[in-house]
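A short worksheet on the structure shown next.
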Amino acid sequence: MEKDELKDKIFEFVQAAKGKKKLKEKDIIKGMAEKTGETPDNVKKAMREMIDIGRLMYSYGGGSSSVEIPSEEYLREKGLIK
Amino acid sequence: MKKYETPLLNELEKGPWPSFVKELKKAAKTSEMANDEVGQLEKSFRDKRGYWKHGGIVGVLGYGGGVIGRYSSLPNEFPGVAHFHTVRINQPSGMFYKTDSLRTILDLWDEYGSGLTNMHGSTGDMVLLGCRTEALEPLFAEVTSRGWDLGGSGSALRTPACCVGKARCEWANIDAMDICNDLTQTYQDYVHRPAWPYKFKFKIAGCAVDCVASIARADCSIIGTWKGNIAVDQDVVKDYAKAGMNINAEIVGMCPTGCMSYDGKTLTIDDENCSRCMHCISKMTKALRPTGERGASILIGSKAPIVVGSLLSWVIVPFMKMEPPYTELKELAEKIWEWWDDNAKPRERIGEVIELKGMRSFLEAIGVPPQPQQVLAPRKDPFFFWKDEDLNGKK
Amino acid sequence: MAWLTEQEAKAKRKTDIGPPHYSKMLPPVISKNYGKWKYHEVFTPGTMVHVAESGDKVYTVRVASPRILATESIRAMLDIADKYCDGYIRWTTRNNVEFMTTREENVPLIKKAAEDAGYPAGGIGSGLSNMVHTQGWVHCHSAAADASGLVKAIMDEVYPYFTEKKLPAKTRLALACCVNMCGAVHCSDLAVVAIHRKVPEINHDLVKNMCEIPTTIGACPTRAISPDPAKKSVKINPDKCMYCGNCFTVCPPIDIHRPEEDGVAIVVGGKVGSLRKGPMFSKLAIPYIKNNPPRWPEVVSAVKNILETYANDARKHERIGEWIDRIGWESFFKKTGIEFTYQHIDDFTFARDTFRTSAAFKW
Ligand code: HEM
Ligand code: HEM
Ligand code: SF4
Ligand code: SF4
Ligand code: SF4
Ligand code: SF4
């Protein structure tokens with residue numbers, strides 16, 4: 001699968017979980033590897049690239065961390081949208 | 001700048017112990033943020049409660065840790081602390097600093113934050129206390145471009161910490177500072193990108209005196225030890241006696257294993273029965289020295305009481321050689337993380353998971369054989385399991 | 001200095017470089033004798049010397065700090081280090097500051113300079129070191145009491161044990177401002193732990209919007225929380241709740257603060273070193289003292305009472321926990337005059353290990 005396509009799929013996956021389940025990195029890597037047949041390593045790389053540019057972000061609540069879609073506020077503060 | 005009356009805090013400027021209120025007020029001379037911290041704290045002292053809101057999500061791009069979000073619940077009354085985030089700067093191992101290099105951080109902090117610090121936080125990082133969200137990215141760029149980086153927070157590897165070790169302590173059996181630095185550098189990804197069920201801490205102490213309290217507050221405690229005898233310099237023992245030490249009461253009588261004797265002239269140690277507790281050595285450092293092979297005991301699982309009670313770390317590997325690049329230790333750590341990650345629910349520390357799943361399945365998973373050094377005593381009940389491989393008679 | 005622009009910040013930022021290598025931070029005498037120290041001698045609670053196999057000596061002056069430090073104060077310390085210590089300084093794991101020099105004649109000068117700046121020398125050997133503590137009302141949302149304020153009030157009172165007076169053994173004080181215990185105070189000789197004492201109050205409307213119900217239920221160590229489907233919220237069983245505040249940490253609309261009920265407990269007898277008896281947990285001495293800022297006089301006198309009873313009664317080298325083990329807890333309560341209550345009897349996870357199973361005890 002093309003990397004960009006994989007990234008879009010990851011984004012959809014995270015979006016689908018929004019408000020239902022806090023996803024950890026591992027949930028995404030495992031879930032997407034199963035879904036797409038990609039290697040866990042490739043999923044991880046793609047996910048990390050998305051985090052590095054703010055398409056996804058790490059979140060934190062109640063002592064444990066998760067991966068989420070950034071809020072508009074976060075994107076504005078990082079200068080990623082005006 | 002707003003001037004706050006602080007009759008309650010003023011009481012804490014009096015007395016001989018260094019005053020944190022004086023520190024807050026020093027920073028408040030030039031920082032609106034620190035000034036409002038003083039104002040809000042006075043109100044807390046009056047009302048007997050804190051006025052902070054829980055966490056919130058802030059950080060630098062790409063990292064999931066190193067910044068702890070903090071907002072005032074009274075932002076209109078105290079706008080300077082509306083945002084008051086913590087930035088954790090990873091300390092150099094051993095917490096030695098060259099003055100210029102620390103000044104660099106101070107200058108940046110005066111520019112971008114409140115000018116208040118904790119030297120250091122309980123985990124070991126330098127804690128920069130009080131920063132606005134929009135300052136995080138430029139501060140991060142300044143700090144990293146000068147060779148410093150953020151420490152860990154969240155469900156990540158927390159900043160490893162160690163005692164002063166070989167840098168200035170004759171009792172160090174292992175190079176605690178080097179191990180600490182090596183683990184920190186090797187596992188930068190785990191420090192900055194929270195991938196686990198919960199936090200994981202390493203603390204490294206050079207000997208069983210444990211000056212970093214590793215046995216009480218590290219998921220993995222690495223504690224230096226030795227395998228040989230204790231060398232005794234009998235002349236120096238005599239000097240201690242001459243200087244007034246009651247060797248029978250203070251040393252022999254307090255040895256937990258009863259393996260020492262002293263006839264008024266010669267101090268004898270039955271080394272085979274010594275448990276290497278460090279008592280005698282710490283009291284007669286000029287006369288007694290460990291000899292022979294050096295290494296570390298690896299213990300696992302300690303934590304504060306939340307959620308189901310406090311734990312001290314348990315011995316899993318009684319002795320491991322510790323030489324760079326510490327491959328055996330790293331292989332073990334990686335197996336531990338894998339098992340923990342597979343078996344833990346969110347917010348379960350490794351010690352809790354071992355309790356739930358059983359020490360045997362943990363030891364099997366990480367490939368460590370059973371040894372009497374791992375327990376204080378064997379079990380007292382007859383209710384134990386046999387696996388097929390036990391029955392099919394390797395043993 | 002001006003703030004970096006967004007562009008500049010992007011160009012300059014690096015990631016995953018870790019802290020500077022410690023070797024760049026070590027005074028030359030330390031680098032030279034690294035791993036080759038022979039012995040050390042403590043002169044006073046604030047000064048000691050380490051002697052290397054090579055014969056080199058390094059003198060250390062250890063001074064107190066309140067942990068919260070303004071940049072201005074750290075600069076003053078760095079100036080002292082530049083003047084007397086060739087530009088090097090170190091912090092200990094208990095928030096003390098150490099000035100190291102190879103020149104013995106600098107020792108009194110450093111001590112004086114630090115004391116003039118407000119940071120007295122002490123903390124080495126058989127006495128008190130600095131009291132480790134957490135954030136309190138200065139910075140944390142969970143705090144049931146302030147941290148720095150209590151520490152300041154306590155250390156003012158027991159100050160001589162830091163600077164000059166001896167105790168039977170090293171004595172480690174600690175304070176945590178809630179049961180999360182960020183300072184890991186559960187293995188200290190004497191620790192103050194701030195506690196809540198009432199079931200938290202739930203704002204159901206906010207819970208609905210702000211909290212994940214399963215996470216909130218899962219956070220409770222005693223399983224006191226269950227769903228309340230009618231309100232789309234949760235309910236708390238008051239018979240099971242032990243006011244840990246864990247639910248508040250994951251779900252802020254479950255408010256645990258009660259200014260008139262919050263306060264502190266005092267625990268004693270923990271240690272971390274394996275020396276003699278091995279590491280020990282601290283155990284409950286006083287279940288509750290009310291918050292009385294700014295100086296918490298009741299807490300201060302309770303701490304002083306325990307410390308002085310120990311100082312007068314323990315044998316040389318006995319830590320508080322070892323002393324209590326020897327005399328027995330019944331004697332500890334008698335000698336300190338502390339009242340024994342239902343709260344002292346454990347009913348949590350490891351309770352049965354704490355009940356007496358022998359017919360031998362003291363009156
Ligand atoms: C599950 C238990 C714990 C929870 C929920 C917890 C939560 C927190 C929170 C909310 C803060 C922020 C305080 C602030 O606003 O500055 C904090 C700070 C901190 N915590 Fe914890 N904590 C826990 C246990 C621990 C333990 C056991 C340690 C260390 C052994 C620790 C080390 C720290 C450190 C170093 C800080 C920074 C401030 C300081 O040094 O006091 N935490 N923790
Ligand atoms: C004569 C005996 C001892 C000497 C000379 C000694 C020496 C030291 C030194 C040099 C430090 C600073 C190391 C650092 O900050 O990393 C230190 C810290 C510490 N020691 Fe010891 N130690 C002795 C006995 C003990 C004992 C018996 C215990 C506990 C069982 C203990 C617990 C600690 C702790 C918790 C620290 C960290 C606190 C601090 O920095 O003040 N020590 N000790
Ligand atoms: S833990 Fe042992 S080796 Fe490390 S500083 Fe303390 S006494 Fe020295
Ligand atoms: S190290 Fe401990 S057990 Fe060994 S001889 Fe010394 S006091 Fe006894
Ligand atoms: S002990 Fe509790 S109140 Fe204090 S800093 Fe830690 S989490 Fe906050
Ligand atoms: S305060 Fe603690 S015990 Fe009580 S309901 Fe909340 S999590 Fe459960």
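The values are calculated or read from the model by the stated rules, or taken from the named source; none is laboratory data. Predicted model only: the values in this text are computed from it and were never measured. Every residue, glycine among them, receives a Cβ derived from its backbone with ideal geometry; neighbour counts consider all protein chains shown. Just so you know, the surface numbers come from the protein's heavy atoms only, side chains and all, with ligands and any DNA or RNA stripped out. Shrake-Rupley method; radii C 1.70, N 1.55, O 1.52, S 1.80 Å.
Taken along its principal axes, the alpha carbon cloud of region A:3-77 reaches lengths of 33, 24, 18 Å, longest axis first. Placing unit charges on the Cβ atoms only, positive for Lys and Arg and negative for Asp and Glu, gives the protein assembly as shown a dipole magnitude near 1020 debye about its Cα centre. For the pair C:R315 and C:Y288, what calculated FRET efficiency results from E = 1/(1 + (r/R0)^6), where r is the Cβ-Cβ distance and R0 = 30 Å, to the nearest 0.05? For C:Y288 and C:R315, the calculated efficiency is 0.45.
Note on the protein assembly as shown: dipole from Cβ charges, positive end direction compared against C:A176, B:G69, C:G87; the farthest Cα belongs to C:A176.
By the Cβ distance rule of under 4.7 Å, chain C has these cysteines without a partner: C:C85, C:C140, C:C177, C:C178, C:C182, C:C187, C:C220, C:C241, C:C244, C:C247. Just name one of A:L75, A:I10, A:M50: the one whose Cα is farthest towards the positive end of the charge dipole of region A:3-77 (beta-carbon charges, Lys/Arg +1, Asp/Glu -1). The Cα lying farthest towards the positive end belongs to A:I10.
Counting Cβ atoms of other protein chains within 10 Å of each residue's Cβ and taking the mean over peptide C:141-151 gives 5.
Given R₀ = 22 Å, FRET efficiency for C:T349-B:F384 by Cβ-Cβ distance, to 0.05?
Given R0 = 22 Å and the Cβ-Cβ separation, E is 0.50.
For chain C, what class follows from the C-alpha gyration tensor (a ≥ b ≥ c being the square roots of its eigenvalues): rounded when a/c is under 1.5, otherwise prolate if a/b is larger than b/c, else oblate? Don't skip to the end; give the middle numbers.
Details: a/c = 2.21, a/b = 1.28, b/c = 1.72.
Here chain C falls in the oblate category.
Hydrodynamic estimate: the Kirkwood radius of chain B over Cα pairs, inserted into Stokes-Einstein at 10 °C and 1.306 mPa s, corresponds to D of 66 µm²/s. Of all aspartates and glutamates in the structure, the ones whose alpha carbon falls short of 12 Å from that of C:K232, not counting any fewer than 8 places away in one chain, are C:D205, C:E212. For each pair in A:K21/A:K44; B:K22/B:K98; B:K283/C:K362, compute the distance between the two Cα atoms and list the pairs where it is over 28 Å. In this structure, B:K283/C:K362 lie more than 28 Å apart at Cα.
Within 10 Å of each Cβ in B:273-285, how many Cβ atoms from other chains are there, averaged over the peptide? Please report the intermediate quantities before stating the final value.
On the way: counts 0, 0, 3, 1, 6, 4, 6, 2, 1, 4, 3, 1, 5.
Average per residue, whole number: 3.
How much length would be gained if the chain were fully extended between B:Q234 and B:E111, taking 0.36 nm per residue of separation minus their Cα-Cα distance, in nm to one decimal? Mind dumping the intermediate values first?
Working: separation 123, 0.36 × 123 = 44.28 nm, distance 5.92 nm.
Working it through step by step, the gained length comes to 38.4 nm.
Taking amide H atoms as placed 1.01 Å from N in the peptide plane, the amide H of C:S233 lies under 5 Å from those of C:D228, each 5 or more residues away in sequence or on another chain. Karplus-based coupling profile of region C:47-56, in residue order and whole Hz: 9, 8, 10, 10, 10, 8, 3, 6, x, 4, with θ = phi - 60° in 6.51 cos²θ - 1.76 cosθ + 1.60 and x standing for Gly or Pro.
Helices in the protein assembly as shown, meaning DSSP H runs of at least 4 residues, each add -39500 (n - 2.57). Divided by all residues, the mean residue ellipticity at 222 nm is -9500 deg cm²/dmol.
What whole-number volume per residue, in cubic angstrom, does the convex hull of the C-alpha atoms of the protein assembly as shown give?
Working: hull volume 152.3 nm³, N = 840.
Output value, Cα hull per residue: 181 Å³.
Legend note: in chain B, cysteines whose Cβ sits 4.7 Å or more from every other cysteine Cβ are B:C131, B:C169, B:C207, B:C220, B:C255, B:C259, B:C274, B:C277, B:C280. Excluding same-chain neighbours fewer than eight residues apart, the lysines reachable from C:K290 by a Cα-Cα span under 21 Å are B:K43, B:K48, C:K152, C:K198, C:K304.
Phi angles across region C:74-83 convert, under the Karplus curve 6.51 cos²θ - 1.76 cosθ + 1.60 with θ = phi - 60°, into 3J(HN,Hα) values of 4, 4, 4, 5, 5, 4, 4, 5, 5, 6 Hz, Gly and Pro given as x.
Could you grab the relative contact order for region A:3-77? Cα pairs under 8 Å, six or more apart, rounded to a whole percent.
32
Could you run the Karplus curve 6.51 cos²θ - 1.76 cosθ + 1.60 with θ = phi - 60° over region B:263-274 and give me ³J(HN,Hα) per residue in whole Hz, x for Gly and Pro? The phi angles translate into 9, x, 10, 10, 9, 10, 10, 8, 4, 4, 9, 6 Hz. Amide H contacts of C:K283: C:V268, C:G269, C:G270, each under 5 Å away and 5 or more positions distant or on a separate chain (H built 1.01 Å from N in the peptide plane; Pro and chain starts excluded).
Which order do you get for A:K20, B:K2, B:K201 if you rank them by accessible area with a 1.4 Å probe, largest at the top?
Details: A:K20 160, B:K2 115, B:K201 30 Å².
Ranked list, largest accessible area first: A:K20, B:K2, B:K201.
For A:K78, a cut-off of 21 angstrom between C-alpha atoms picks up these lysines, skipping any fewer than 8 places away in its own chain: A:K7, C:K10, C:K12, C:K14. Region B:82-128 and region C:191-239 have Cα centres spaced 36 Å apart.
So between B:V375 and B:T104, what do we pick up on full extension, going 0.36 nm a residue minus the alpha carbon distance? Show your work: numbers first, answer last.
On the way: separation 271, 0.36 × 271 = 97.56 nm, distance 4.86 nm.
Roughly 92.7 nm would be gained on extension.
Counts of other chain beta carbons within 10 angstrom of each beta carbon in peptide C:241-251 average 3.
Calculated FRET efficiency, B:A249 and B:T291, Cβ-Cβ r, R0 25 Å, to nearest 0.05? Provide the component values of the computation, followed by the final result.
Working: r = 26 Å, r/R0 = 1.05.
Computed FRET efficiency for B:A249 and B:T291: 0.45.
The mean sequence separation of alpha-carbon pairs under 8 Å and at least six residues apart, normalised by the residue count of chain C, gives a relative contact order of 12 percent.
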